[in-house]
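Structure record follows, encoded as structure tokens.
The values are calculated or read from the model by the stated rules, or taken from the named source; none is laboratory data. Source: prediction; values computed, not measured. Using ideal geometry, Cβ is built from the backbone for each residue, glycine included, and neighbour counts are taken over all protein chains shown. Note: accessible area is taken over every heavy atom of the protein model, side chains too, but ligands, DNA and RNA are not part of it. Shrake-Rupley method; radii C 1.70, N 1.55, O 1.52, S 1.80 Å.
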Amino acid sequence: MKNKKRVIQKVETIRLNKMEQQLIAEKTMQINKIRVINGIEPITKSDLVHMLIGASLSKVSCDEFGEVVIN
């Protein structure tokens, strides 16, 4: 039997302030209402954050003043 390499993924924690936590919770509830009505499994707040990161990182850039913009 060959030795299989185990891939260990390092998890990094990102802190969200109270307002960000509240907005994520509210948006997750809104999305889950639609998903449940359509017979689709609900997502977690963490799932939503991962989806948002995946969908938006390619659209993030920096303008000539150093401001971060999402196109």
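Conditions tested, residue by residue: (1) more than 14 Å from the chain's Cα centre (by Cα); (2) open to solvent by 100 Å² or more (accessible area, probe 1.4 Å); (3) free of Cβ contacts under 8 Å to residues at least 60 places away in the same chain.
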| position | (1), (2), (3) |
| --- | --- |
| Val7 | yes, yes, yes |
| Gln22 | yes, no, yes |
| His50 | no, yes, yes |
| Glu67 | yes, yes, yes |
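Restricting attention to region 14-59, and to residues there that are under 26 Å from Val69 (Cβ atoms) and outside any helix (DSSP H, G or I), which single residue is modelled with the lowest pLDDT? Top of the filtered list is Ile14. Which one of the conditions (1) β-branched (Val, Ile, Thr); (2) open to solvent by 90 Å² or more (accessible area, probe 1.4 Å); (3) more than 13 Å from the chain's Cα centre (by Cα) does Thr13 fail to meet, given that it meets all the rest? Unmet for Thr13, out of (1) β-branched (Val, Ile, Thr); (2) open to solvent by 90 Å² or more (accessible area, probe 1.4 Å); (3) more than 13 Å from the chain's Cα centre (by Cα): (3).
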